[in-house]
1. Based only on Cα atoms, what Rg/Rh ratio does the range 1-74 have, Rh being taken as Kirkwood's radius?
2. Around Val247, what is the net charge, scoring Lys/Arg as +1 and Asp/Glu as -1 over all other residues with Cβ under 9 Å from its Cβ?
3. Determine the order of Asp95, Asp155, Asp172 by accessible area, beginning with the largest, at a probe radius of 1.4 Å.
4. Which order do you get for Glu243, Glu18, Glu76 if you rank them by accessible area with a 1.4 Å probe, largest at the top?
5. Step through the residues of the range 106-123 one at a time and calculate ³J(HN,Hα) from phi using the Karplus curve (6.51 cos²θ - 1.76 cosθ + 1.60, θ = phi - 60°), rounding each to whole Hz and writing x for Gly and Pro.
6. Can you tell me the Rg and Dmax of the range 81-226, counting just the alpha carbons, in angstroms?
7. Can you give the accessible area of Asp40, probe radius 1.4 Å, in Å² rounded to 10?
8. Going by amide H atoms built from the backbone, whose H comes under 5 Å of the H on Thr199, apart from near neighbours?
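The values are calculated or read from the model by the stated rules, or taken from the named source; none is laboratory data. Keep in mind that what you see is a predicted model, and the values were worked out from it rather than measured. Using ideal geometry, Cβ is built from the backbone for each residue, glycine included, and neighbour counts are taken over all protein chains shown. Heads up: the accessible areas ignore ligands, DNA and RNA and are worked out on the full protein's heavy atoms, side chains in. Shrake-Rupley method; radii C 1.70, N 1.55, O 1.52, S 1.80 Å.
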Amino acid sequence: MESTALETGRYVEILDREGRALASAAERAGTGAKVPTCPDWQVRDLLRHTGTVHRWAASYVREGHTERRPFGDPPELDGPELVAWYREEHRRLVDTLAAAAPDVACWAFLPAPSPLEFWARRQAHETAVHRFDAEAALGGTPGRVEGDFATDGIDELLRGFQARSRSRVRTDEPRALRVRTTDTDAVWTVRLSPEPPVTTRDASGGADCELSGRAEELYLALWNRLPVPSVTGDRALAALWRERSAV
């Protein structure tokens, strides 16, 4: 099975950069600003959520927990103190991942060559998407997502998250959804049924609907941050994704 995974060190570098950009955008927007890409959130909710996830993720790698643990409560902080807290949790996560032994043993919830690579990859993508949210709250044009990293994120979402038993992207009858990047030459076929989706990294067989666009656009669209650039075929499948793909 072809892999799009990047090197662990690259994920950590991206996590570092994206978290610092998230904090900067949040600071400039203010913690009371609305987050248009997450309509129920203000920037304070975004910081509390992402910082709590960083703390949770770092604890597995640092302490070697081999079973799932609760997230813990977010802080009651707000304003500059909340931004400072987020920066501390982000820094602690980056430093934990950078210092960890490659063979560290701990819990992970998606398949990966190692738990360390899983956590570095997952937190890099978690942070990149929420950086986009923070910059959307600030206004203007959010920063770019590199094509190979966006392609990797699509792969993680399709073959990782949506392969889990909790996926709600299901159809009564078998259908096929194609996802194709126009700039990185990546293609996936998502086979839908009453069971969790089964995704392969190929263009085998027919497809009832195809979603296509630059990797960056598709990455953010599949995480429901932007409209899908191009939809051909049965548009009801594109609507189904938007309605049921939240993780």
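1. Reported Rg/Rh, Kirkwood definition of Rh: 1.05.
2. Surrounding charge for Val247 is +2.
3. Reading off the accessible areas and sorting them downward yields Asp172, Asp95, Asp155.
4. These residues rank, largest area first, as Glu76, Glu243, Glu18.
5. Each residue of the range 106-123 in turn: 6, 6, 8, 10, 10, x, 6, x, 7, x, 5, 5, 4, 5, 5, 5, 4, 6 Hz.
6. 17.1, 54
7. 150
8. The answer is Arg191.
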